[in-house]
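Asks: Have a look at the structure that comes next, please.
Each reported figure results from applying straightforward, stated rules to the coordinates on display, with no laboratory input. Being a predicted model, the structure only gives us computed values, none of them experimental. Note: ideal-geometry Cβ built from the backbone for every residue, glycine included; neighbour counts use all protein chains shown.
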Amino acid sequence: MDKLIITGGVRLNGEIRISGAKNSALPILAATLLADAPVTVCNLPHLHDITTMIELFGRMGIEPVIDEKLSVEIDPRTIKTLIAPYELVKTMRASILVLGPMVARFGEAEVALPGGCAIGSRPVDLHIRGLEAMGAQIDVEGGYIKAKAPEGGLRGAHFFFDTVSVTGTENIMMAASLANGRSVLENAAREPEVVDLANCLIAMGAQIQGAGTDTIIIDGVKRLGGARYNVMPDRIETGTYLVAAAATGGRVKLKDTDPSILEAVLSKLQEAGAEITTGPDWIELDMKGKRPKAVNLRTAPYPAFPTDMQAQFIALNAIAEGTGTVIETVFENRFMHVYEMTRMGALIQVEGNTAIVTGTQALKGAPVMATDLRASASLVISALVADGDTLIDRIYHIDRGYECIEEKLQLLGAKIRRVPG
Ligand code: EPU
């Protein structure tokens, strides 16, 4: 298992390019299954989760054509089996995103039920109930969700999400695109990735209104066709590098990103003392060598502060001036990073869904273990500001969501290297 060794104490300084968004690329790849012609997805990030999705397509008999810039052409007409097996689903929960498209387009699907995961129990009941509302017959048997569309195909439905769910909204929106009649999704997720997926579906011929609001109206069409679509920039990768720069007192310019989808994060960074300048597709952060001030925050669905940035801000607070309270409301068990940071000298007290972080002047390098994707990002940030060397184990979590992290950090001056284990 590869590990990262980071020698802390360098102020990050420089410019890097932000990759395509993982959480947009995954549903968009799943959406290609709805088409009756090849779809090309561009600006895909080079990540382990994307490879897993492509491998899943391979298992289903589809051979994606990948070019050197990681554009992928998928011809869903070549599908042979409608099964997403447990070995793949257990490594990536987002595999559940193929459920809606397969039932809508091919009338049936078998997708392994994802289990719990490091950040919480994460049920998929809303995905199932949404499809049932559209007339699908669903049985959960032998650890698999077995779904069948009714005679004549899925029917448009009015569906209310009692919890805001990003992939739940995406799954049902994709299925509704090929259903008979109108679907209305209420209390839908408003995340920018939902909007990106809707734009891709619209480019394929879908009729969708209201993506980005809490009510999405989809008028089902008879067929969806081919398209060429560019995945949006990754707002969480962007936020992670901004926090890394702020924590080290440094300066970064991030290109090929979109400041308009990061408002909650940018305003917290300003509160922490960062100077932020933006252009249409870039963000510059300058901390002018200052130590950040601790911030209070509460995670919630978009446009509020993203749960996927919570761990990184705990790392920022850990070396900031003052005390910051961080409340996690989206997942029930997303503080595993706290215990690893404590090993580096962070002063953090967890009570239920609240972490109270008292900033210390310096963390100390230590061997630590990544527990999930964003937790691993927070350990990288902690290591960048720590005295001495930090060895981060289980970095396969990082490779799921951060493209070329060590190269990008090296470009910003960090002392980081990967050691094969
Ligand atoms: N939930 C239910 N029932 C459901 C679905 C969700 O109760 O059927 C609950 C979850 O347990 C959770 C809450 O609803 O408490 C929100 O979960 P959501 O469904 O929105 O999460 P997700 O769609 O599984 C996506 C991202 C996550 C991100 C969350 C929240 C993708 C592929 N994943 O997950 O990203 O944290 O939304 O914004 O889009 C990551 O990138 O590191 C990551 C975990």
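Asks: About its Cα centre, how strong a charge dipole does the chain have in debye, to the nearest 20, once Lys and Arg get +1 and Asp and Glu get -1 at the Cβ?
Replies: Dipole of the chain, to the nearest 20 debye: 520 debye.
Asks: Could you pull out which residues in region 122-156 have an amide N less than 17 Å from a spot 7 Å beyond the Cα of Q207, following the Cα-Cβ vector?
Replies: The answer is 154-156, whose backbone nitrogens lie closer than 17 Å to the label point.
Asks: Please give the contour-minus-distance gain from D139 to Q410: 0.36 nm per residue of separation, less the Cα-Cα distance, rounded to one decimal in nm.
Replies: 92.6 nm
Asks: Considering the chain as a Gaussian network with a 10 Å cut-off on Cα pairs, which listed residue, S378, S267, S165, attains the greatest mean-square fluctuation?
Replies: S267
Asks: When Lys and Arg each count +1 and Asp and Glu each count -1, what net charge do the other residues less than 13 Å away from R228, Cβ to Cβ, add up to?
Replies: -1
Asks: Another one. Return, for the Cα atoms of region 317-414, the radius of gyration and Dmax in Å, separated by a comma.
Replies: Computed over the Cα atoms of region 317-414, radius of gyration and Dmax are 13.4, 39 Å.
Asks: What residue among A386, A211, A264 has the largest mean-square fluctuation in a Gaussian network model of the chain, using Cα springs under 10 Å?
Replies: A264
Asks: Between I66 and R417, what length in nm is gained on full extension when 0.36 nm per residue of separation is reduced by their alpha carbon distance?
Replies: Value of the extension gain: 123.5 nm.
Asks: Give me the Å³ per residue figure for the convex hull around the C-alpha atoms of region 155-255.
Replies: Dividing the Cα hull volume of region 155-255 by its residue count gives 96 Å³.
Asks: Checking the cross-link filter: which aspartates and glutamates have an alpha carbon closer than 16 Å to that of K253, excluding same-chain neighbours under 8 positions apart?
Replies: Cross-link targets: E15, D234, E237, E275, D281, E284, D286, E407.
Asks: Another one. Let's test the formula: R0 of 30 Å, r as the Cβ-Cβ distance of R291 and Q349. What FRET efficiency results, to the nearest 0.05?
Replies: 0.90
Asks: Follow-up question, since we're still on this one. How far is helix 48-59 tilted off the main Cα axis of the chain, in degrees rounded to 10, range 0 to 90?
Replies: Between helix and principal axis, roughly 20 degrees.
Asks: Moving on. Can you show me the helix-derived [θ] at 222 nm for the chain, built from DSSP H runs with n ≥ 4 at -39,500 (n - 2.57) apiece and divided by the number of residues, rounded to the nearest 500.
Replies: Counting only the DSSP helices, I get -8500 deg cm²/dmol.
Asks: Which one, F57, F331, F313, has the greatest fluctuation when you compute a Gaussian network model over the chain with C-alpha springs under 10 angstrom?
Replies: In this elastic network of the chain, the residue with the biggest mean-square fluctuation among F57, F331, F313 is F331.
Asks: Going by amide H atoms built from the backbone, whose H comes under 5 Å of the H on R228, apart from near neighbours?
Replies: T40
Asks: While we're looking at this one, here's another question. Evaluate the distance, in nm, between pseudo-label points positioned 7 Å from the Cα of K364 and of C42 along their respective Cα→Cβ axes.
Replies: The answer from the label model is 5.2 nm.
Asks: Here's something else I'd like to know. Looking at I128, F161, M174, which one has the Cα that reaches farthest to the positive end of the dipole of region 126-188 (charges on Cβ: Lys, Arg +1; Asp, Glu -1)?
Replies: M174
Asks: Another question, if that's okay. What does the highest-first list of 197-207, 173-183, 73-83 look like by mean Cβ count within 10 Å?
Replies: So the order, starting with the most tightly packed, is 173-183, 197-207, 73-83.
Asks: Out of I217, I261, I236, whose Cα points farthest toward the positive end of the dipole of region 211-287 (charges: +1 Lys, Arg; -1 Asp, Glu; placed on Cβ)?
Replies: Towards the positive end, the residue furthest out is I217.
Asks: In addition: With axes computed from alpha carbons, what is the tilt in degrees of helix 192-203 against the longest principal axis of the chain, rounded to the nearest 10 within 0 to 90?
Replies: Compared with the principal axis, the helix lies near 30 degrees.
Asks: Subtracting the Cα-Cα distance from 0.36 nm times the residue separation, let me have the gained length for T277 to N187 in nm, one decimal.
Replies: Here the segment from T277 to N187 would lengthen by 29.1 nm.
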